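What follows is calculated from the coordinates using simple rules that are stated; it is not laboratory data. All of these numbers come straight from a predicted model, not from anything done at the bench. Cβ coordinates were reconstructed from backbone atoms using ideal geometry, including for glycine residues, and neighbour counts include every protein chain displayed.
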C-alpha cells in the first residue's frame, strides 16, 4: 500500500479492490521493525505472546500490563503498518465500562491504532459500545484461543451445518456492531469463503482457507522460532531456531577455547598509559 501509514480505510478498500491483506504478529521492537520493512499491511500484537514469548500454556494469564508493554515496543518499530493490540482475557468480559476503559488504555498507553477482541453474537453489544466510544475494533471468531477450553481445545470449528451457521451469524453480528474487520480462525475452507461473502468488512483468515480477504500468521510459527507445536494451518517459510542454537553453541566453544574475543574484538590502551598504570598498582 506504499510508504504512508496504513489506515482502516485502506484495509476496507483492499476488500473492495480484491487485494489480499497481509497480517503478521510481532511482540517487540525488532520484530515490529522487520514487519515494517517487509511491507506488511497489519501487525497484530497478539496475546499469543503468552505462549511464544512468555512460555505459558495458553493466553489466559496474559494481563493488560503485559499487552501495553509489548504494544508500546512494537509500535515504535511500525511506522507504516496498522498496529492492532489484543485485549487480554477478562479485560472486556466483566462489563461494557471495563471494556471501554481497557480498550482506551491499549491505545493511549500502548500506542496501537486498533484493538481486537474475541467473541461473536454475545459480545456484539460490547464491541458496539467500544466503537461508539471512538475506538476502532477488529473482531475474532471461529476458534477463539482465550476460550478454547470451552470449545473443546484448539480444534477446528464449524464442522457441521448448525455450528457453521452460528459462525456466519457471529460474523454478521460483528459487522452490525461496527468492526472494521475480523479474524476467522480454524474453520473449514468452504465456510471461510461463505463468511467472507456474507459480510462487507474484510475477513482475515488463519486456518480458514484461501478465499477470505487476507491472511495472518504468528510470526514465530512462520519462521520456525517456536516449535512447541505447529498448527496444521502454518507454513514455515524458514526455520531460524536451529540456526540460533548453532550460533550459540559456536559462541560457547569459542569462549571455552579462547577464540573469542580476539584482538579485533578488544580495546587497547597506549603503552605509556599501561606502564604508568602498572607502576601505580605496584606502589
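Structure notes:
- Per-residue [θ]222 nm for the chain (sum of -39500 (n - 2.57) over DSSP H runs n ≥ 4, rounded to 500): -12000 deg cm²/dmol
- The chain: angle of helix 96-105 to the longest principal axis, Cα-based, in degrees nearest 10: 30
- Computed from label points 7 Å out along Cα-Cβ, the spacing between residue 159 and residue 28 is 3.9 nm.
- When the alpha carbon gyration tensor of segment 243-282 is reduced to an equivalent ellipsoid, the three semi-axes, largest first, read 34, 10, 7 Å.
- Taken over the Cα atoms of segment 97-152, the convex hull encloses 87 Å³ per residue.
- Taking N as the residue count of segment 56-204, its C-alpha radius of gyration divided by 2.2 N^0.38 Å amounts to 1.02.
- Relative exposure of 140, 18, 220, 66, judged by other C-beta atoms within 10 Å (fewest first): 18, 66, 220, 140
- P(r) of the chain over all Cα-Cα pairs, binned every 5 Å from zero, in whole percent: 1, 6, 11, 15, 17, 15, 11, 5, 3, 3, 3, 3, 2, 2, 1, 1, 0, 0
- For the chain: relative contact order, % (alpha-carbon pairs under 8 angstrom, 6 or more apart): 14
- Label-to-label distance, residue 57 versus residue 282, with points set 7 angstrom from Cα along the beta-carbon direction: 6.6 nm.
- Highest to lowest packing among 43-54, 255-266, scored as the average C-beta count within 10 Å: 43-54, 255-266
- For the pair residue 275 and residue 147, the difference between a 0.36 nm per residue extended length and the Cα-Cα distance amounts to 39.2 nm.
- Taking the average, over residues, of other Cβ atoms within 10 Å as the packing measure, peptides 96-103, 174-181 rank 174-181, 96-103 from highest down.
- Angle of helix 29-38 to the longest C-alpha principal axis of the chain, folded into 0 to 90 degrees and rounded to 10: 70°.
- Using the Cβ-Cβ distance between residue 189 and residue 8 with R0 set to 25 Å, the FRET efficiency works out to roughly 0.40.
- Length released on extending from residue 211 to residue 17, taking residue separation times 0.36 nm less the Cα-Cα span: 68.4 nm
- Modelled FRET efficiency - R0 51 Å, residue 232 with residue 267, Cβ distances, 0.05 increments: 0.50
- Cβ-Cβ distance of residue 122 and residue 65, R₀ of 22 Å, FRET efficiency by 1/(1 + (r/R0)^6): the value works out to about 0.25.
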